[in-house]
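The values are calculated or read from the model by the stated rules, or taken from the named source; none is laboratory data. Being a predicted model, the structure only gives us computed values, none of them experimental. Glycine gets a Cβ as well: all are built from the backbone with ideal geometry, and neighbour counts include every protein chain shown.
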Amino acid sequence: MKPKLYKIPFAPDASFLYKQIEKSFINDPWHFHKEYELIAIHKGKGTKFIGDNVSLFEEGDLSLIGSNIPHLYRNNQDFYDASHNLSTELSYIHFTKEFLGRQFFEIPEMTQTNRLLEKSALALEIHGTTRENVISLMIKMSEQRPARRLISLLEILEELSQSNDLKPLLSSGYTANTSGSTDKINLVFEFILKNYTKEIYVQDIAEKLNISVPAFSRYFKNHTRKTFSDYVTEIRIGHACRLLMENNHTISEISYQSGFDNLSNFYRHFKKILGVIPKDYRNRFLKTTAPVSMPESSQLHFKAS
């Protein structure tokens, strides 16, 4: 069985899909679709799994995901507890390369946009003024009529195609793997997100899937292009980064709250993935007298394994 293939429902009066929604939490499974996806997070925090990348998302996150790239967004665990009364707001656009005709992006005026779509095969995270402009345009689309909404989408694609604020998320040479069990990989991601702050044994998840440890290791790497251990470590480092920026705990406390068994192990993995030690990472984003904020550069980018 292949990972869940989504068939995007387009309205009769539209050639692409636009949605702006609010809900308690994101619950779509690990899935893919032939449509390109531009997704903006207006409210909420969590972890996004896109191809072989795992990184944090929060308010203002904006990504362009290429055709047939498996992906999954999951909120932080407290969003799934109704007593916390949390919610997530997001906008997304789905469109195919042929939504304006098979040759549209081949005409000379669309050369840069065509290149943008080619670059999206590595999934693109969008920053800077480009992010602000595109999110603003996406929000306005909720009030627009179909024809005006189409013009807005073309404006967005033009803005993105001219921007230097785009960063690829996936490893160079990544190719999407859409084979294997959707149910199994979803179970694995859920297991990691619920247990990464404590000791995780690969035997435990292999038993849940009723397969051997070697078979699970092959299965997981086939889907994510990373080892189970590396994937868990990256999620732990992402959690540690969030705690470092909140500045409410010592580095030693953050190490243990993020699932590391000792401080030196935490430092070693942190430096390997982010290129700096935790103290320097915190000092980059905190001001001595100002309240803690989340600057653009605080978005976590993991080096390819």
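Numerical summary
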{"item": "Long-range neighbours under 7 Å by Cβ, at least six apart or interchain, first residue more than 16 Å from H269 (Cα to Cα) within the stretch 246-258, second modelled with pLDDT under 90", "result": "E246/V292; N247/R282; N247/L286; N247/V292; H249/L243"}
{"item": "Residue in the stretch 76-89 that is under 15 Å from the mean Cα position of the chain (by Cα) and at pLDDT below 90 present", "result": "yes"}
{"item": "Restricting the stretch 6-53 to residues that are hydroxyl-bearing (S, T, Y) and either outside any strand (DSSP E or B) or within 14 Å of the chain's Cα centre (by Cα) (or both), the residue that is nearest to A147 (Cα to Cα)", "result": "S15"}
{"item": "Any hit, the stretch 6-23, residues being within 20 Å of H223 (Cβ to Cβ), at pLDDT below 95 and surrounded by fewer than 17 Cβ atoms within 10 Å (Cβ to Cβ)", "result": "yes"}
{"item": "Subset tally (residues that are at positive phi and either among the acidic types (D, E) or at pLDDT below 90 (or both)) for the stretch 90-103", "result": "0"}
{"item": "Qualifying residue in the stretch 35-54 (condition: closer than 19 Å to N164 by Cβ and modelled with pLDDT of 95 or more)", "result": "yes"}
{"item": "Residue that is surrounded by fewer than 21 Cβ atoms within 10 Å (Cβ to Cβ) and of a type in the set (F, W, Y), where the choices are Y36, Y73, Y80", "result": "Y80"}
{"item": "Test: residue in the stretch 218-235 that is at pLDDT below 90 and under 19 Å from D78 (Cβ atoms)", "result": "yes"}
{"item": "Residue among S63, S83 that alone is outside any loop (DSSP other than H, G, I, E, B) and either out of contact with any Lys or Arg (no Cβ under 9 Å at 6 or more places or on another chain) or not assigned by TED's automatic domain parsing to the domain that holds W30 (or both)", "result": "S83"}
{"item": "Among residues of the stretch 202-230, those that are closer than 29 Å to Y281 by Cα and out of contact with any Ser or Thr (no Cβ under 6 Å at 6 or more places or on another chain), counted", "result": "5"}
{"item": "Answer from D261, D204 - the residue that is more than 25 Å from S171 (Cβ to Cβ) and in contact (Cβ under 8 Å) with a residue 40 or more places away in the chain", "result": "D261"}
